[in-house]
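In what follows, a structure is listed as structure tokens, so that the remarks can point back to it.
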Amino acid sequence: MIKIEQNKNEITRRLIKYILHTLLIIVLLKYTPCSPIPNKDVISLTLSASILFSLLDIYSPGIIYINK
């Protein structure tokens, strides 16, 4: 039962991290450039960056757990 709770906590933690990362990219692409970027390009760049971030996070996590 504890293992299921840990998995749910990990899934929700990652989902929140990916959603915040995606929102941050949208805000940066929409409001940072001097000349406006079309919405279609903002969406495609955001999806590309978010997918790349999630794949890197899944395949090379920042924290390595070692059970002794």
Open item on the list: For a quick check: sort Y31, Y18 by the number of other beta carbons within 10 angstrom, fewest at the front.
Closed with: Y31, Y18
TODO: Treat each spin label as a single point 7 Å out from the Cα along the C-beta direction, and report the I66 to L45 distance in nm.
DONE: 4.1
Open item on the list: Cut-off is 10 Å between beta-carbons; in what order do S48, S60, S54, S35 appear when sorted fewest neighbours first?
Closed with: S35, S60, S48, S54
Task: Dipole magnitude of the stretch 2-59 about its Cα centre (Cβ charges: Lys, Arg +1; Asp, Glu -1), debye to nearest 20 - done: 120
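Since every read-out is calculated from the coordinates, none of them should be taken as a lab result. On a predicted model such as this, the values are computed, not experimentally measured, just so you know. Cβ atoms come from the backbone with ideal geometry, glycine included; neighbour counts cover every protein chain shown.
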